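The values are calculated or read from the model by the stated rules, or taken from the named source; none is laboratory data. All of these numbers come straight from a predicted model, not from anything done at the bench. Every residue, glycine among them, receives a Cβ derived from its backbone with ideal geometry; neighbour counts consider all protein chains shown. Remember, those area values only see protein heavy atoms, side chains included, never the ligands or the DNA or RNA. Shrake-Rupley method; radii C 1.70, N 1.55, O 1.52, S 1.80 Å.
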Amino acid sequence: MGGRAKSVNIHKAIRLPLRAVNDTIGADGMEWPRMPGRPIIATHEKLSFCRTCMGHCGVVLTVDENEQLVDIRADREDPQTLGFACFKGLQAVEAHNGEARLLHPLKRQADGSFMPIPLEQALDEIADRLRDILSEDGPDAIAGYRGGGAFFNGSAATLLADFLGAAGSHKLFSSVTIDQSAKMVAMGRLGMWLPGIDPFHTADVGMLVGCNPLVSVIGTDLRNPVKRLKEAKARGMKLIIIDPRHTETARFADVFLQPLPGEDCTILAGMLRIILERGWEDKNFCAQHVADLAGLKEAVAPFSPEYVTRRADVSVEKLFEATEIFARSGRGPAITATGPNMSPHSNLAEHLVGCLNIICGRYVREGERICNPGVIYPRYPRPAQVVPASRPWENGPKSRIGGFGTLGGEMMTGIMADEILQPGPGRVRAMISHGGNPASSVPDQRKVVKALRALDLLVSLEPYMTPTAKLSHYILPPKLQYERPDLPLWLWEMLLFPIPFTRYAPAAAQPPEGSEVSDEVYVFWALAKRLGLQMTITGVPIDMETPPTVEDSLKIAARNAPVSWEELKSHPRGAVFEEEPQYALPADPVTAGKFTVAPPDVVAEIVEVAAESVAPGRVPSNGQLFTHRLASRRHRDRFNSTGNLLSAVKKRVPYNVAYLNPDDMAEKSVAKGDWVELTSDCGAVRAIAEDDATLRPGVVSLIHGFGNLPDDNDYLTDGVSTNLLISTDRDLQTINAMPRMSGIPVNIRRASGPANR
Ligand SMILES: Nc1nc2c(c(=O)[nH]1)N[C@H]1C(S)=C(S)[C@@H](COP(=O)(O)OP(=O)(O)OC[C@H]3O[C@@H](n4cnc5c(=O)[nH]c(N)nc54)[C@H](O)[C@@H]3O)O[C@H]1N2
Ligand SMILES: Nc1nc2c(c(=O)[nH]1)N[C@H]1C(S)=C(S)[C@@H](COP(=O)(O)OP(=O)(O)OC[C@H]3O[C@@H](n4cnc5c(=O)[nH]c(N)nc54)[C@H](O)[C@@H]3O)O[C@H]1N2
Ligand code: SF4
Ligand SMILES: [Mo]
């Protein structure tokens, strides 16, 4: 491979008026609108992209004469994100230079306070403790937790896995298994279609189940989701939304189903039944590629429209309408996000969505173009065939807790606390938290905090004093996004970007003067070196004499790119590398497999769901009955717990309110601003109520990522963690130990005061 990207080379652009260089043609042949923009002033203004979330919005940064970041604005000429940027991303100046940022490595003292410690000394001490633990208890006593702050860093996304791999430990945990790992489970049981699912940006119809891209930016087209959704609607795309809330995205829906949370399996099974009964499935596709369609038809038979209506509380007419529009409007995918992935039976819900896409043939066919074959991630041939279900969790290491296997080389975060707390060989004694905040983000907060406190060593690579940082023995603050060169989230680029786009951003600013913040690749290399380990980065051995730079790590990530590193770096606004388009190849009859839509464990779970005695207003859990269900949801102006300590964020969203439907509030005699107490089968939290007519009755919605350590929590300044309401002693999904993080049965009552202890 080789050659140049199709986009116009604009590597001298920062010195030119923008209008002269904005000629990019997108992969879909569309010419992006030219927008008026100010010329960029070469020395002080720099182009970059925001990595606060996966939107990767193009931004223009201003730095002062000391190379300190002083301003940020949306790049109105960005050919991908078309001038979009949000409140969260625009807080970068405070994030980099504000008071909340930690500027030196810190060591926790006996009294719980922190003292600065030089980086090399901290690394010596950490390595000494790791060495002792390794020699006493072996590599599996050392664990790692990788969070968003690591994943959103192109040079560092794999380092924790690389380091633990070098040490021989299997104990890698991450936010993935408390997010949407049900997608991996579903693929492992259904099989995988190599050319991928129908893309959203050319779809005739799209169905979004528990996914709100106009807030979360993921799911549809993350490059300016509002504009892209409007474009899709303008070209006639039909949109179906299934969500307990009339979301920002639902405003664009042709059909909107507003069920109780936790009932996606019921609805999806009902839709499958209607399609199979009426013969609306893609019969050719099924005949060629599905092994056990009859088994699925039989399994979903109990889910009559009347049954679905009763349980999920949606109307029969709407259920039919949504099903007919999805099945009979042409091509296009059903997409899910955290809604179904966090609710009860999440693995089954993902499986059933997969079944909808399969029986309706919503996959890229032979001869069709692969819209994003990958740029950084290695390309591979994509024949139009199924790789049969491989159930990877059945092979490989198993946890001593519950016998859970691994997914994508990771252990299950739902059992991470027990891996630390339960005595016996293999107990985790040391943990490195890389860009994560497990004390806040992992369900069963009290148990998780107890576990983190029980560690002999907790090290956080973390820029702020988060709840997790407070529990750490050492905090090693890193350089932040605009201080390092970077690439977009390449690990998932083919899923996230609808076109083969990537973009190198050079470091634009210097860390605050006098600080000692590190390159994460240096930290892992330096620890490996002290422990006498040979570090590799994504399998590539690195020189253990000379420390690698961030740029070295990026180059390793990009080693399979279709263009040279220099070429890749030469496009200040990135480029679409589509010179060698990829098409779905003909299937190989020898290796082609079939989808398995009705394997025995899935059928058994469908039977289990059908036997449940759940009804609106009567939700059983752990031997008790509850009236409401708590639904997860994200806030437009916050990103999980990231940035919680920034003053602008705190001012705008100081705490997480309990959103309730006005009718529910009236029934409970609760007014806006009153305190309410939410009680689940394992805990209680108090929050201030707010009326939300977009939310259906029977549901309360509370945003996660808030709250301090449980015994040190002040609601009015911290909010409160929804993870206090979630148990990891029960209700874990099979295979991925996914806790029940949405559709949580709760009771609600008006409360007198703020106690959140
Ligand atoms: N109850 C409940 N729990 C949930 C969820 C839910 O909806 N409900 N959602 C789940 C989901 S989907 C996810 S993804 C997880 C998120 O879980 P985590 O990733 O553990 O949580 P974050 O709050 O995103 O933590 C990211 C951390 O990275 C730090 N950081 C920011 N920039 C950098 C950087 O450049 N380098 C480094 N090293 N660190 C940086 C931030 O300060 C922050 O502390 O939470 C999960 N937990
Ligand atoms: N602004 C912002 N953007 C973010 C984040 C953030 O914190 N803030 N977090 C990022 C992360 S880590 C992730 S994983 C993504 C998540 O991306 P999304 O999953 O799109 O995030 P949400 O906006 O929470 O949308 C989930 C929707 O599911 C609905 N829901 C809840 N329970 C159920 C259910 O049982 N069934 C159905 N059908 N729907 C249900 C909720 O009402 C909500 O509208 O967002 C990412 N983007
Ligand atoms: S949507 Fe906001 S946070 Fe996400 S990349 Fe764009 S500016 Fe950054
Ligand atoms: Mo997530």
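For segment 210-241, the tally of residues that are farther than 14 Å from ILE335 by Cβ and more than 16 Å from ligand 4 (Cβ to nearest atom) stands at 10. Close Cβ contacts (under 7 Å, 6 or more residues apart or on different chains) running from residues in segment 170-198 that are on the phi < 0 side of the Ramachandran plot to residues that are of a type in the set (Phe, Trp, Tyr) and away from ligand 2 (no atom under 16 Å from the Cβ) comprise GLY188/TRP393; LEU190/PHE595; TRP193/TYR363; PRO195/TYR363; ILE197/TYR363; ASP198/TYR363.
Pairing residues of segment 209-221 that are within 13 Å of ARG251 (Cα to Cα) with residues that are outside any loop (DSSP other than H, G, I, E, B) and within 11 Å of ligand 3 (Cβ to nearest atom), at Cβ distances under 8 Å and at least 6 apart in sequence or on separate chains, gives PRO213/PRO225; LEU214/PRO225; LEU214/VAL226.
Yes/no per residue for (1) of a type in the set (S, T, N, Q); (2) touching a Gly at 6+ places or on another chain (Cβ under 7 Å):
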position: LEU461; (1), (2): no, yes
position: PRO467; (1), (2): no, no
position: LYS470; (1), (2): no, no
position: ILE475; (1), (2): no, no
position: GLN481; (1), (2): yes, no
position: TRP492; (1), (2): no, no
position: ILE499; (1), (2): no, yes
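The residue of segment 623-647 that is farthest from ligand 1 (Cβ to nearest atom), among those that are of a type in the set (Lys, Arg) and surrounded by 21 or more Cβ atoms within 10 Å (Cβ to Cβ), is ARG629. Kindly establish whether LEU495 is free of Cβ contacts under 8 Å to residues at least 24 places away in the same chain, within 25 Å of LYS88 (Cβ to Cβ) and more than 16 Å from ligand 3 (Cβ to nearest atom). Yes, satisfied. A single entry from LEU90, LEU82 fulfils the requirement of being assigned to a loop (DSSP other than H, G, I, E, B) and either buried (at least 16 other Cβ atoms within 10 Å of the Cβ) or more than 16 Å from ligand 4 (Cβ to nearest atom) (or both): LEU82. Only a single criterion out of (1) in contact with a strand residue (DSSP E or B) (Cβ under 9 Å, 6 or more places away or on another chain); (2) open to solvent by less than 40 Å² (accessible area, probe 1.4 Å) is not satisfied by TRP565, namely (1).
Return the only residue of ARG245, ARG228 being over 21 Å from MET738 (Cβ atoms) and within 16 Å of ligand 3 (Cβ to nearest atom). If you could, list the steps in order and put the result at the bottom.
Working: ARG245 fails: within 16 Å of ligand 3 (Cβ to nearest atom).
Selected residue: ARG228, the only one of ARG245, ARG228 that is over 21 Å from MET738 (Cβ atoms) and within 16 Å of ligand 3 (Cβ to nearest atom).
Screening GLU324 on (1) part of a helix (DSSP H, G or I); (2) touching a Phe, Trp or Tyr at 6+ places or on another chain (Cβ under 8 Å); (3) open to solvent by less than 20 Å² (accessible area, probe 1.4 Å) shows it passes everything except condition (3). Every test in (1) crowded, with 22+ Cβ neighbours inside 10 Å; (2) more than 16 Å from ligand 2 (Cβ to nearest atom); (3) more than 26 Å from LEU452 (Cα to Cα) is passed by ASN97 save one, and that test is (1).
Only one entry in VAL314, VAL353 is crowded, with 22+ Cβ neighbours inside 10 Å, within 22 Å of the chain's Cα centre (by Cα) and closer than 29 Å to ARG235 by Cβ, namely VAL353.
In segment 28-52, how many residues are crowded, with 19+ Cβ neighbours inside 10 Å and either modelled with pLDDT of 95 or more or out of contact with any helix residue (DSSP H, G or I) (no Cβ under 9 Å at 6 or more places or on another chain) (or both)? Residues that pass the stated criteria total 7. So ILE240 ticks every box in (1) touching a strand residue (DSSP E or B) at 6+ places or on another chain (Cβ under 6 Å); (2) open to solvent by 10 Å² or more (accessible area, probe 1.4 Å) but one. Which box is left unticked? For ILE240, the failing item is (2).
Could you list all residues from segment 726-740 that are under 20 Å from the mean Cα position of the chain (by Cα) and on the phi > 0 side of the Ramachandran plot? Within segment 726-740, ILE735, ALA737 qualify.
Residues that are at negative phi, in a helix (DSSP H, G or I) and not small (Gly, Ala, Ser) do occur in segment 96-112, at least one of them.
Residues that are modelled with pLDDT of 95 or more, of a type in the set (A, V, I, L, M, F, W, C), more than 16 Å from ligand 3 (Cβ to nearest atom) and crowded, with 20+ Cβ neighbours inside 10 Å within segment 188-213 comprise LEU190, TRP193, ALA203, VAL205, MET207, LEU208, VAL209, listed in sequence order. Of all residues in segment 332-379, those that are within 15 Å of ligand 2 (Cβ to nearest atom) and hydrophobic (A, V, I, L, M, F, W, C) total 9. Residue count for segment 526-550, restricted to those that are open to solvent by less than 50 Å² (accessible area, probe 1.4 Å) and either within 27 Å of the chain's Cα centre (by Cα) or in contact (Cβ under 8 Å) with a residue 40 or more places away in the chain (or both): 11.
How many residues, within segment 657-680, are surrounded by fewer than 20 Cβ atoms within 10 Å (Cβ to Cβ) and either in contact with a helix residue (DSSP H, G or I) (Cβ under 9 Å, 6 or more places away or on another chain) or among the hydrophobic types (A, V, I, L, M, F, W, C) (or both)? Before the answer, list the steps.
So the first thing to find is which residues in segment 657-680 are surrounded by fewer than 20 Cβ atoms within 10 Å (Cβ to Cβ), and the list is 662-663, 666-669, 671-675, 677, 679.
From the residues that got through so far, the ones that are either in contact with a helix residue (DSSP H, G or I) (Cβ under 9 Å, 6 or more places away or on another chain) or among the hydrophobic types (A, V, I, L, M, F, W, C) (or both) too are 666, 671-672, 674-675, 679.
So the answer is 6.
Would it be correct to say that GLN288 is of a type outside the set (Asp, Glu), open to solvent by 10 Å² or more (accessible area, probe 1.4 Å) and within 15 Å of ligand 2 (Cβ to nearest atom)?
On the way: of a type outside the set (Asp, Glu): yes; open to solvent by 10 Å² or more (accessible area, probe 1.4 Å): yes; within 15 Å of ligand 2 (Cβ to nearest atom): no.
Against the criterion (of a type outside the set (Asp, Glu), open to solvent by 10 Å² or more (accessible area, probe 1.4 Å) and within 15 Å of ligand 2 (Cβ to nearest atom)), GLN288 does not qualify.
Of the numbered criteria (1) more than 16 Å from ligand 4 (Cβ to nearest atom); (2) part of a loop (DSSP other than H, G, I, E, B); (3) not aromatic (Phe, Trp, Tyr), the one LEU630 fails is (2).
Answer yes if at least one residue in segment 298-306 is part of a helix (DSSP H, G or I), within 27 Å of LEU732 (Cα to Cα), open to solvent by 50 Å² or more (accessible area, probe 1.4 Å) and not polar (S, T, N, Q), and no otherwise. Don't jump to the end; show me each part of the working.
Residues of segment 298-306 part of a helix (DSSP H, G or I): 298-299, 305-306.
Those left that are additionally within 27 Å of LEU732 (Cα to Cα): 298-299.
Subset that is open to solvent by 50 Å² or more (accessible area, probe 1.4 Å): 298.
Next, only the ones that are not polar (S, T, N, Q) stay: 298.
The answer is yes, given that some residue of segment 298-306 is part of a helix (DSSP H, G or I), within 27 Å of LEU732 (Cα to Cα), open to solvent by 50 Å² or more (accessible area, probe 1.4 Å) and not polar (S, T, N, Q).
In segment 490-500, the residue that is farthest from PRO562 (Cα to Cα) out of those that are open to solvent by less than 10 Å² (accessible area, probe 1.4 Å) and of a type in the set (A, V, I, L, M, F, W, C) is PHE497.
Each row is one residue, and each column tells you yes or no for (1) acidic (Asp, Glu); (2) farther than 24 Å from ASN341 by Cα; (3) surrounded by 24 or more Cβ atoms within 10 Å (Cβ to Cβ).
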| residue | (1), (2), (3) |
| --- | --- |
| ARG235 | no, yes, no |
| THR247 | no, no, yes |
| PHE252 | no, no, no |
| PRO259 | no, no, yes |
| GLY262 | no, no, yes |
| THR266 | no, no, yes |
| ASN284 | no, yes, no |
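Filter segment 632-656 down to the residues that are in contact with a helix residue (DSSP H, G or I) (Cβ under 7 Å, 6 or more places away or on another chain) and aliphatic (A, V, I, L, M) and list them by number. Once the filter is applied, which keeps residues that are in contact with a helix residue (DSSP H, G or I) (Cβ under 7 Å, 6 or more places away or on another chain) and aliphatic (A, V, I, L, M), segment 632-656 yields LEU646, ALA648, VAL649. Pick from segment 542-583 the residues that are among the aliphatic types (A, V, I, L, M) and part of a strand (DSSP E or B): which of them is farthest from VAL523 (Cα to Cα)? Of everything passing the filter in segment 542-583, VAL576 is farthest from VAL523 (Cα to Cα).
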